[in-house]
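Asks: Just passing along the structure, written as structure tokens.
Nothing in this text is a laboratory measurement; each read-out follows from the coordinates by a stated rule. Bear in mind the structure is a predicted one, so any value in this text is a computation, not a measurement. Virtual Cβ from ideal backbone geometry, glycine too; neighbours counted across all protein chains shown.
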Amino acid sequence: MAESRRPGAPLAHSGPPPPAHPDPRRWWVLVVISLAQLMVVLDMTIVNIALPSAQTDLHISDGNRQWVITAYTLAFGGLLLLGGRISDLVGRKLAFCTGLLAFAGASALGGAAVSSGMLFGARALQGAFAALLAPAALSLLATTFTEPRERSRAFGVFGAIVGAGAAIGLLAGGFLTQYLNWRWSLYVNVPIALVAFLGALALLHPGGRREDAHLDVPGAVLGCAGMLAIVYGFSEAESRSWGDSLVLSMLGAGVALLLAFGLWQSRARVPLLPISVIRDRQRIGAFLTILFVTIGLFGVFLFLTYYMQRVLGWSPVKTGVAYLPITVGMIIGSTQVAARLLHRVPPRTLIAPGLLVAAGGLAIIAQVGTEPAYVSHVLPAMLLLGLGMGTAMMTSVSLATGSVAPQDAGAASATFNTAQQVGGSIGTALLNTIAASVTTRYLTAHAGPGVDRRALAAQATVHGFNVASWWAMASVLLGALVAALVVNAPRAPVPGDGGRGARRAMDEKEPHVA
């Protein structure tokens, strides 16, 4: 009789066995995979710089502008787990190539948008196909590099490219918007995707299907519908009011759908989110921390873009360059602080102080005025944000993925990314609604005869950004509190040990009492 497979165990693969000798073209495969992943990461930031121009061109309201960002992150985060399952079902190469072509098509559709709805829909399609592309890329990377030393080098290169993607996106968005048109921040994906597609056809091996892969469609529907209802409820609060029946109904329905998603995952035959992944206290702490932190940060980046372009009158290129200190701070925080101390001190002594530093940066941003304040406020705030986030994020990633059993590593990584994207979606919608509502109230309260309308509009906009930034700081502080109270591991886990090292350290610190 065939041996039954325990839940969560690796699924059987069909297709040709892996080659006995390393593929001589494996480093070219890394180039193709990294190019595709760079495109996915780049699209999270490249549109930020182009958004003010797109809003003017397509007559998008302040209350709805966040959907250009949110439609992408919501679809990406909500479908990421399902995208990994589809890759198992159809094969990694097919999923990768399909994701590339579809992403290119969605990008072209967005670049040609003639209305806000067309742009929002194209961004949602981009996010959906990114959710198919990203898991396939990681799986291909893991199966192409099987020798431990080469795998470490490959993942190091991959991680560096992903880390640089945000900065590249900001710079590229500035140059494309200023010297061509905001539409080219979307069109640029088409040649990148086609080059990666041709490389994938020539270099990637077929196969990689799992014979008993199963799509948890009800889980995907419940999870995505719940998140969409919450984000839509937040976005409608600006035009309707927080007490409106539709707003309350959407928020209540979203919570109910997410609870139903959790219940279904505990009963599904092959759940999108294995319960074993969220059963560990350290991973729960990491997931919740990242959720609250991204709720606070994504919206602030949107506000800074509008502050620099609309209030200070900076060009898109100057705005993109002005964001570079955040990247510098993140590199220092991740490589010089977290990497050196990660396995020497308790993780919460890195995460909580790191987030307090980031919260300090947000407190500075929340005090900017209509006068130029980049050197006095924005620059030091960006350095603090980058330093604190680099320290906290790297440590959180280690907690979320390092202590997981090998068969659940993919689900843990996808869950971490989902928390990040969903937090960004909720935060952008919520904080944009707060900023737009406060701005409207300020305009109403201070309007009158003889008032300079342009000056009043700038003051109202900045006041709305300030209030929303204080709320963002509160969310980051909540993330720091969660890390301090929930994360209690004496040391960060060593990747690949399934959490045994962390458990041994915990046992040594707190011996069992008979």
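Asks: Quick one: length gained pulling Ser376 to Leu89 fully straight, 0.36 nm per residue minus the C-alpha distance?
Replies: So the extension gain works out to 98.0 nm.
Asks: Compute the FRET efficiency between Thr56 and Trp470 as 1/(1 + (r/R0)^6), taking r as their Cβ-Cβ distance and R0 = 30 Å, and round to the nearest 0.05.
Replies: FRET efficiency, Thr56 to Trp470: 0.60.
Asks: If you average 1/r across every pair of different Cα atoms in segment 175-318 and take the reciprocal, what Kirkwood value do you get, in Å? If you can, show how the numbers build up before the last one.
Replies: Working: mean 1/r = 0.0501 Å⁻¹.
It is 19.9 Å.
Asks: Calculate one ³J(HN,Hα) per residue across segment 275-285 by plugging θ = phi - 60° into the Karplus curve 6.51 cos²θ - 1.76 cosθ + 1.60, and present them in order as whole Hz with x for glycine and proline.
Replies: Taking θ as phi minus 60°, the curve returns 4, 4, 5, 9, 8, 7, 4, 5, 5, 4, x Hz for segment 275-285.
Asks: Test of understanding: express the Cα radius of gyration of segment 18-145 as a ratio to 2.2 N^0.38 Å, with N the residue count.
Replies: Normalised by 2.2 N^0.38 Å, the Cα Rg of segment 18-145 equals 1.18.
Asks: Estimate the FRET efficiency between Asn181 and His446 by the formula 1/(1 + (r/R0)^6), using the beta-carbon distance for r and 41 Å for R0, to the nearest 0.05.
Replies: Result of the calculation: an efficiency of 0.70.
Asks: Please list the three semi-axes, largest first and in whole Å, of the ellipsoid equivalent to segment 276-497, using sqrt of 5 times the eigenvalues of its alpha carbon gyration tensor.
Replies: For segment 276-497, the semi-axes come out at 36, 17, 13 Å.
Asks: If each residue's Cβ is checked for other Cβ atoms within 10 Å, how do Thr294, Thr98, Thr289 rank with the fewest at the top? Each step should come with its number before you reach the end.
Replies: Working: Thr294 27, Thr98 19, Thr289 32.
Result, fewest neighbours first: Thr98, Thr294, Thr289.
Asks: In nm, to one decimal, how far is the modelled label at Arg344 from the one at Ala202, with both set 7 Å along Cα→Cβ?
Replies: Result: 4.6 nm between the two label points.
Asks: Also: For segment 240-358, max minus min Cα coordinate along each principal axis, in Å, sorted largest first?
Replies: The Cα atoms of segment 240-358 stretch 51, 51, 25 Å along the principal axes, largest first.
Asks: Another question about this same structure. Quick check on the exposure proxy: order Tyr306, Tyr179, Tyr374 from fewest to most C-beta atoms within 10 angstrom.
Replies: Tyr179, Tyr374, Tyr306
Asks: For Leu443, Leu399, Leu291, which order do you get if you count the other beta carbons within 10 Å of each Cβ and list the fewest first? Intermediate results must be reported in sequence, preceding the final value.
Replies: Details: Leu443 18, Leu399 31, Leu291 22.
Ordered from fewest to most neighbouring Cβ atoms within 10 Å, Leu443, Leu399, Leu291 come out as Leu443, Leu291, Leu399.
Asks: Under the 0.36 nm per residue contour assumption, what length would be gained going from the current alpha-carbon distance of Ile332 and Leu481 to full extension? Numbers along the way, then the final one.
Replies: Details: separation 149, 0.36 × 149 = 53.64 nm, distance 2.35 nm.
Computed gain between Ile332 and Leu481 is 51.3 nm.
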